[in-house]
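Input: a single structure, listed below in structure tokens.
Read-outs: derived from the displayed coordinates by stated rules, not from any lab. Treat the numbers as computed from the prediction; the structure is a model and nothing was measured. Here the Cβ positions follow ideal geometry from the backbone for every residue, glycine too, while neighbour counts run over all protein chains shown.
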Amino acid sequence: MSYLVLARKYRPQTLATVLGQEHVTRTLANAIASGRVAHAILFSGPRGTGKTTVARILAKAMNCEAGPAPEPCNRCASCIEITSGGGADVHEIDGASNNSVDQVRELRENARYMPARSRHKIYIIDEVHMLTTAAFNALLKTLEEPPAHVLFFFATTEPHKIPITILSRCQRHEMRRVEMPALCRHLEEICRQESRALPAESLALIAREAGGSVRDALSLLDQVLLIADGVPSHAAILELLGVVDREAVFGLAESLLEGNTLGALDTLDRVYDGGHDLKRLYADLLAQLRDLCLCTMGEEARRLLDHPAHEMDRLVAAAARFPANRVSWLFDRLFAEEASVRLASEPRLALELIFIRLAWARPPLPLAELIEKLDDLRRSIGGARENEGAAPRQWGPPAADAPAPVREPDLPRPDVPSCRFTAPEEENEAAAPPAATPPGQDPSGASWDTVMAQVKKQHPSLASPLEQAVVRSHTAGRIEIELVGSEFHFNLVNRKKNLAVLAKIASECYGEPLQPVLIRRALPADGNGTEAGAETGALLRERTLRHPMVEEALRLFDGRVIDIKRLVPQGGKDG
Ligand SMILES: [Zn+2]
């Protein structure tokens, strides 16, 4: 007896046994049970996912002597005829070779006659997108008003090539790629029925190569089982299929994540010596990093991964070894080079160059570490300023999308969208009433600077809104402080808790119990638009760019300054 290939030998004969297309088979079974099968059905999807197989089962179910029933009996004359590939009333047509208008006209003529023996005359047209436009037009009329006994089942891998007029007259069912775990189980079951055993990694390899196509998987399995009578070795299977071992892909990704460039180059060398396609290796590496990235995103993201169980465990373990931002950074860098590898005439050199470049690139710091560094920086700058004894400017967070510095829990800062910059000596001179006492000097002779130094030390977040404060008067038990600037800052300082802090510090510094009273003076209007304003703007810009904190932020984020905005606080919500 001639050898029957596995794909044919194990072709499903009932809807329930079709692999991985439950969403289609369930709907069809319900349609048959309720007598509502459409007269034209289009099955689309990747090759080898069961389009014609389902069409045939449906044909059997509709014409079964015991039916129409959701599952054909597979024993009656009609079922047996269809299983063996045809019958008087079921016509399987290859759309690629029967695509002319004449052939469709002939089909249309024949369709008018009643079926010979069965309930329905069924036309299964495979690769229907290959029909010519004229042929589609000829078919259209029949699809519009089909005789009651005619059913059309179309199958295609390229539904977008079918005219919309045809599509709109068909009920569509989309077949999916079969997922790896299901395909592996299917292969394992077939091996068992064939009394052959293959290692799980080999089955996974075959399933991966098949890319979700059951037919491709079974063809590969056919080939693999021919290698040896007993159990073919995994190495022999790798060689036969000409694919890179998963070990190499795992190893390569891990070497790169560890920063072990030499290890990565070694693996590359081995794969090259094995005669494998390095462009394919690079594609596998990208897929591996994508999978690792998903693994770092938690349980929920893992449902997007399609791997057999043993590989999933390994992937999750590998991902757990590296910080998520490092994995995504590497994925990003490698993906950026994808085109250069794909188009390279010497893929080996291209890959080596990429790996070496990666060795020189600085991987990003974890976000928490960055925030800590920025915070350190802010503290050290604050300290230096305190030592100098002069505090001409104050600084908010550097940029909206940069991580915000750690905030004092009791005193939230405003979310400032860009470099905040106020320069009292430039902005306030003109508007300051002549009677105001200059900052740092108190009518009583005691030093407001001492108070500010203590505030900076004990409550740095309060120091910022107080930086431009001026002492207006100081009488027994009462100190009047004028705040220049936004209502927001005023309200912030004017909170009961903060006033208490200020009272305590002021009392200590002046050596007498003092109750602070706040007075607010609004900022003068922004000078932008006037000549003087423009001049001030240029000066501010230069100072901003030269500020050590800006310089350090640029270095840390490898960034550049796009725009500098001066914030004119409008007052607003508190907190
Ligand atoms: Zn039957």
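Contact order normalised by length for segment 180-241, with contacts defined as Cα pairs under 8 Å and 6 or more residues apart; what percent is it? RCO, segment 180-241: 34 percent. Across segment 246-360, C-alpha contacts under 8 Å between residues 6 or more apart give a mean separation that, scaled by the residue count, equals a relative contact order of 33 percent.
Less than 5 angstrom separates the built amide H of Ile125 from those of Ile93, Phe153, Phe154, Ala155, all sequence-distant by 5 or more or on a different chain. Each residue of segment 210-295 gets 112 Å³ once the volume of the Cα convex hull is shared out per residue.
What would the Debye formula give as log10 I(q)/I(0) at q = 0.11, 0.17 Å⁻¹ for the alpha-carbon point model of segment 180-241, no solvent? Listed by q, the Debye log ratios stand at -0.18, -0.46.
Summarising the overall dimensions of segment 66-108 from its C-alpha atoms, the Rg and Dmax are 13.8, 37 angstrom.
Taking amide H positions as modeled 1.01 Å from N, with prolines and chain starts lacking one, the residues under 5 Å from Gln171 and 5 or more places away or on another chain are Ala40, Ile41, Leu42.
Computed from backbone phi with θ = phi - 60° and the Karplus coefficients 6.51, -1.76 and 1.60, the 3J(HN,Hα) list for segment 265-270 is 5, 4, 4, 4, 4, 5 Hz; x is used for glycine and proline. Across all C-alpha atoms in segment 246-360, the radius of gyration and Dmax reach 13.7, 40 Å. Residue by residue, segment 197-204 carries 3J(HN,Hα) couplings of 10, 10, x, 4, 5, 6, 4, 5 Hz when phi is fed to the Karplus relation 6.51 cos²θ - 1.76 cosθ + 1.60 (θ = phi - 60°); x denotes Gly or Pro. Count Lys and Arg as plus one, Asp and Glu as minus one, and take only other residues whose Cβ is under 15 Å from that of Ile124; the net charge is then -1. For segment 6-174, taking the reciprocal of the average inverse distance between every pair of different Cα atoms yields a Kirkwood hydrodynamic radius of 15.9 Å.
Near Val90, the amide H atoms lying under 5 Å from its own belong to Ile122; only residues 5 or more places off or on other chains count, and H is placed 1.01 Å from N. Reducing segment 160-186 and segment 468-490 to their Cα centroids gives an inter-centroid distance of 74 Å. Our coupling estimate for segment 60-67, obtained by passing each phi through the Karplus curve with A = 6.51, B = -1.76, C = 1.60 and θ = phi - 60°, is 5, 4, 6, 9, 4, 5, 8, x Hz, Gly and Pro reported as x.
Here segment 75-218 is treated as an ellipsoid with the same Cα gyration tensor; its semi-axes, largest first and in whole Å, are 36, 20, 12.
Residue exposure proxy: Thr14, Thr475, ordered by other Cβ atoms within 10 angstrom of their Cβ from fewest to most, comes out as Thr475, Thr14. Count Lys and Arg as plus one, Asp and Glu as minus one, and take only other residues whose Cβ is under 12 Å from that of Leu19; the net charge is then +2.
Taking each of Lys60/Lys161; Lys456/Lys565; Lys51/Lys279; Lys457/Lys497; Lys161/Lys279; Lys9/Lys51 in turn, the alpha-carbon distance tops 21 angstrom for Lys60/Lys161; Lys456/Lys565; Lys51/Lys279; Lys161/Lys279. Measuring nothing but alpha carbons in segment 451-523 and taking Rh as the Kirkwood radius, the Rg to Rh ratio lands at 0.93. Applying Stokes-Einstein at 37 °C and 0.692 mPa s to the Kirkwood radius of segment 140-298, computed over alpha-carbon pairs, gives a translational diffusion coefficient of 172 µm² s⁻¹.
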